[in-house]
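Taken together, the values in this text are just the output of simple stated rules run on the coordinates, not laboratory data. In this text, all values refer to a predicted model and were calculated from it rather than measured experimentally. Please note: Cβ atoms are built from the backbone with ideal geometry, for glycine as well, and neighbour counts cover all protein chains shown.
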């Protein structure tokens, strides 16, 4: 059979699968991402300026224009290189659709690792004592309303573990703001008993960069392109390269990313009793 690698390579696109959406969509609603400036070394921490406006608003005929200055707090973010290598066989090269699915499956792996790194920020040390502590079985409308009112911004979203999320489905009862209620399924990296939160996007700050393939495989690159993880918008690199010793084709998904708490008042926790 002739090698149709060129046809297959045209299909190397990461699809917006439901699995990736479920993993990363919640953090798309509670985090702000800042791309690293080109030419900067992503291995070095990046300082992101978190701007906070002073609360005082003047409602007078002759205001004092020297008051009400906003504050800028520098936040240092260290980056981690998330990478997911995988082999590509002859069958995948001959069938572009199979190659695209192979890439998508590995994208789910790297999305899970990113999700866990973001979940690790969800602790009482970063965001204070939980405002709701209950079991999923006893989760009520009142608990949901406490979460909903915990962060008073129009851009807030409520993220719940599956057993809690099941209680607010329209089939049961539909509280106000249900459109901003999201299900999340990965909590092992979060703080003790954390199973949900309400948050504004200012609560988590993300910095990311598009990496390049490292030696010794850099000189053996067959193709390289950028990709964007669905739902969260982080950009990374998809590299295809040859291992000369084994005469095998490999692929690798890579993303440089770091995250840190932003406005710690913009996120409130739900814990399981």
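Provide the three semi-axes, in whole Å and in decreasing order, of the ellipsoid equivalent to the stretch 226-273 as defined by the square roots of 5 times the Cα gyration tensor eigenvalues. Before the final figure, lay out each step's value.
Working: eigenvalues 294, 37, 20 Å².
Computed over the stretch 226-273, the values are 38, 14, 10 Å.
I'd like the FRET efficiency for residue 162 and residue 69, computed as 1/(1 + (r/R0)^6) with the beta carbon distance as r and R0 of 51 Å, rounded to 0.05.
On the way: r = 45 Å, r/R0 = 0.88.
It comes out at approximately 0.70.
Sort 103-113, 252-262, 196-206 by the packing proxy (mean of other Cβ within 10 Å over each peptide's residues), most packed first.
On the way: 103-113: 19.1, 252-262: 22.1, 196-206: 24.9.
Ranking the peptides 103-113, 252-262, 196-206 by packing returns 196-206, 252-262, 103-113.
By how many nm would the segment from residue 186 to residue 248 grow when fully extended, if each residue of separation counts as 0.36 nm and the alpha-carbon distance is taken off? List each step's numbers first, then the result.
Working: separation 62, 0.36 × 62 = 22.32 nm, distance 3.42 nm.
Using 0.36 nm per residue and subtracting the Cα-Cα distance, I get 18.9 nm.
At 0.36 nm per residue, minus the direct Cα-Cα distance, what do residue 265 and residue 140 gain on full extension? Give it in nm, one decimal, please. Can you show the working numbers first?
Details: separation 125, 0.36 × 125 = 45.00 nm, distance 2.39 nm.
Full extension from residue 265 to residue 140 adds 42.6 nm.
Put a dot 7 Å past each Cα toward the Cβ at residue 113 and residue 58; how far apart are the dots in nm?
Calculated label separation equals 5.3 nm.
Quick one: what does P(r) look like for the stretch 56-167 with 5 Å bins over all Cα pairs, in whole %?
With 5 Å bins starting at 0, P(r) equals 2, 7, 10, 11, 11, 11, 11, 11, 9, 7, 5, 2, 1, 1, 0, 0.
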